[in-house]
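Below you'll find the structure, written out as structure tokens, and then a few comments.
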Amino acid sequence: MGRLDVRVRTNLDSVVQYISRDERHCETVTIKELSLSGALVSGLTTQLPELFAIRPVLPGAGEVELRARLVRRSENGAAIRIFYSDKKTMQALWGHIKGRLAPSDDCPYCGHPDDSREGSCDRCNLYLNFGKDSYLERHIENTFAQRLNIRLNRLNLEHIDKIIDFVDSKLLKIKHRSPDSEFIGTSEGMLAVFAMIRKVAPTEMSVLLLGESGTGKELTAKALHELSARREGPFVAVNCAAIPETLLEAELFGYEKGAFTGAYATKKGRFEAADGGTLFLDEIGDIPATLQAKLLRFLEDRLIERVGGSGSRKIDIRIVAATNRNLQKAMVEGGFRADLYYRLNSFTIKLPPLRERGEDKVRLARHFLERFAAAENRRIDFSAASVEAIRQHRWPGNVRELENKVRRGFLMASDGLIEPACMELEEDFHSAAAHPSPDPQPGPPRAESRRESVVRALEQNDYVVARAARQLQISRPSMYALIKKYGIKKDDAK
Ligand SMILES: Nc1ncnc2c1ncn2[C@@H]1O[C@H](COP(=O)(O)OP(=O)(O)OP(=O)(O)O)[C@@H](O)[C@H]1O
Ligand SMILES: [Mg+2]
């Protein structure tokens with residue numbers, strides 16, 4: 001490695017300024033030797049703190065301000081390190097140094113005369129032709145790693161996390177790995193998901209999205225739409241569990257005037273609304289058998305028929321379906337048609353639960369916090385304990401739960417800092433650390449308390465079967481089966 005720096009003798013009046021015990025101190029000193037990264041200062045009488053400002057007056061350029069650090073003191077004066085400043089200041093500094101160099105194109109170390117030299121000297125390999133105009137730039141480039149290293153040594157783990165996080169998100173954007181800047185993830189599982197999205201999006205294949213509640217199924221459906229040739233067309237999302245079963249068919253396929261009581265005018269369904277675009281059928285595990293058959297027919301011939309209609313019409317849509325249920329199990333148990341399952345299952349993307357996404361938890365939390373803070377123009381950060389609590393929590397509600405907790409933390413924070421308690425993560429954090437709990441098992445409740453759980457879920461959801469089923473993480477047909485099995489009536493549930 002060659003020499004990167006050249007030091008010249010000088011005699012620059014400078015003011016040193018620093019703050020100690022809330023008092024501002026100023027002292028006039030002389031810079032006796034100067035290079036781009038350091039100086040020898042004489043005339044200091046006080047005890048300097050580690051960091052201070054020094055303002056040399058450069059002939060022709062006037063006063064410039066540099067930040068500096070004391071390296072050592074001796075009888076010759078104080079040796080200081082100069083931190084890199086803005087480009088203009090560095091140019092002024094270099095202008096002064098260059099003006100004091102002996103006018104020669106020879107290598108300053110071995111005297112080798114070669115002014116075509118741009119890199120290290122051919123003979124001694126010591127750096128560099130200081131006379132070249134490009135020197136300052138080359139010097140800055142060459143010392144970059146060195147300076148970075150010095151600064152890294154001063155960072156704590158929290159800072160380093162933030163930097164890695166920042167670089168990760170920038171890299172993701174550059175490499176277009178994430179389909180959308182709002183779609184966060186650098187864990188192995190999410191990178192695999194992004195790769196699948198990019199692969200299948202431009203095709204016309206139907207896609208089935210699986211994953212627990214709040215893992216980003218809708219976000220994935222939107223990304224599939226945005227990365228497809230249909231992006232100019234509509235994206236229509238239907239939550240099949242939120243629409244009462246009796247209305248679902250009319251809602252999806254539309255109806256003709258007079259098709260049923262209340263059908264005062266002909267209405268287009270969601271299939272037609274999505275023509276030319278993407279139809280996202282959320283909670284597909286909840287659709288009743290009759291509609292399963294109709295959906296299967298559509299997937300085969302791409303024709304729909306409105307309720308009460310006499311003819312069918314061709315619709316050009318791509319179907320993306322999602323569920324947080326175990327469809328395979330529902331299929332075996334008879335709640336979901338096998339032929340429809342296989343048709344939808346031709347390309348499946350499984351979204352990993354948040355607890356399996358490693359540092360994505362913290363990345364996502366920071367992403368949400370940044371968004372909330374930017375909207376209100378406030379500066380807020382997580383405490384170290386909060387970051388740890390975010391890592392430890394099991395996140396049964398996945399990304400949605402995380403977003404809600406961060407929102408809560410943002411509202412409850414004081415002094416610009418979110419503590420675990422602000423997110424209601426405190427107890428959880430302690431107990432999780434003390435007794436790591438196994439993953440919560442989705443599925444029907446245990447037999448002994450089954451009837452009770454079913455009644456309670458119905459009660460808590462105003463007897464809306466789909467919502468109660470969702471709470472118990474079972475399919476709507478399974479819920480009906482349980483209601484029948486235990487002979488539960490609405491009055492029982494009250
Ligand atoms: N990887 C991610 N990056 C950024 N935001 C995300 C990510 N995953 C999910 N979200 C956000 O979390 C929330 C829940 O995501 P989404 O609605 O897509 O989940 P879901 O799987 O459809 O949930 P549910 O099964 O409950 O309908 C949304 O606000 C979404 O924007
Ligand atoms: Mg959803």
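Where a number appears in this text, it was derived from the coordinates with a stated rule and is not lab data. From a predicted model like this one, the values you see are computed outputs, not experimental measurements. No Cβ is skipped: glycine too gets one built from the backbone with ideal geometry, and neighbour counts run over all protein chains shown.
Values for this structure:
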| item | result |
| --- | --- |
| Length gained when the stretch Leu417-Tyr480 is fully extended (0.36 nm per residue, less Cα-Cα span) | 17.9 nm |
| Unmatched cysteines, the chain - criterion: no other Cβ of a Cys under 4.7 angstrom | Cys26, Cys240, Cys422 |
| Unit charges at the beta carbon, dipole of the chain: most positive-side option, Gly334, Asn142, Ala468 | Gly334 |
| Segment 188-350 - percent relative contact order, Cα under 8 Å, separation 6 or more | 32 percent |
| Lys222, Lys294 arranged by Cβ crowding within 10 Å, fewest neighbours leading | Lys294, Lys222 |
| Relative contact order (percent, whole number), the chain, Cα cutoff 8 Å, 6+ residue spacing | 10 percent |
| Between helix 188-200 and the chain: long-axis angle, C-alpha atoms, 0 to 90°, nearest 10 | 70 degrees |
| Three-way shape label, segment 213-283, alpha-carbon gyration tensor, a/c 1.5 | oblate |
| Ranked Tyr135, Tyr84, criterion: other C-beta atoms within 10 Å, fewest first | Tyr84, Tyr135 |
| Inverse mean reciprocal Cα-Cα distance (Kirkwood Rh) of segment 354-434, Å | 12.3 Å |
| Proximal lysines to Lys484, defined as alpha-carbon separation beneath 19 angstrom and excluding residues fewer than eight positions away on the same chain | Lys494 |
| 26 Å Cα-Cα reach of Lys257 towards lysines, excluding residues that sit fewer than 8 places from it in its own chain | Lys267, Lys268, Lys294, Lys314 |
| Fewest-first ranking of Ser42, Ser37, using other Cβ atoms within 10 Å as the exposure measure | Ser42, Ser37 |
| Within the chain, percent of DSSP bridges classed antiparallel, to nearest 5 | 70 percent |
| Cα-based shape type of segment 8-140, given that a ≥ b ≥ c are square roots of the gyration tensor eigenvalues and the cut on a/c is 1.5 | prolate |
| Calculated on alpha-carbon atoms, Rg and Dmax of the chain in Å | 33.9, 103 |
| Nearest-ten-degree value, helix 217-226 long axis tilted from longest Cα axis of the chain | 70 degrees |
| Gyration tensor verdict on segment 365-406 (Cα atoms; rounded if a/c is under 1.5, prolate if a/b is larger than b/c, oblate otherwise) | oblate |
| Residues of type lysines that Lys361 reaches as a straight line, Cα spacing below 30 Å, ignoring anything fewer than 8 places off in the same chain | Lys162, Lys170, Lys173, Lys175, Lys199, Lys217, Lys222, Lys329, Lys350, Lys405 |
| Size of charge dipole - the chain - debye, nearest 20, with Cβ of Lys, Arg +1 and Asp, Glu -1, no other charges | 760 debye |
| Degrees separating the helix 135-153 axis from the principal Cα axis of the chain, which is the longest one | 60 degrees |
| Relative contact order %, segment 8-140, counting alpha carbon pairs below 8 Å whose residues are six or more apart | 17 percent |
| Reciprocal mean inverse distance between Cα atoms of segment 188-350 - Kirkwood radius, Å | 16.2 Å |
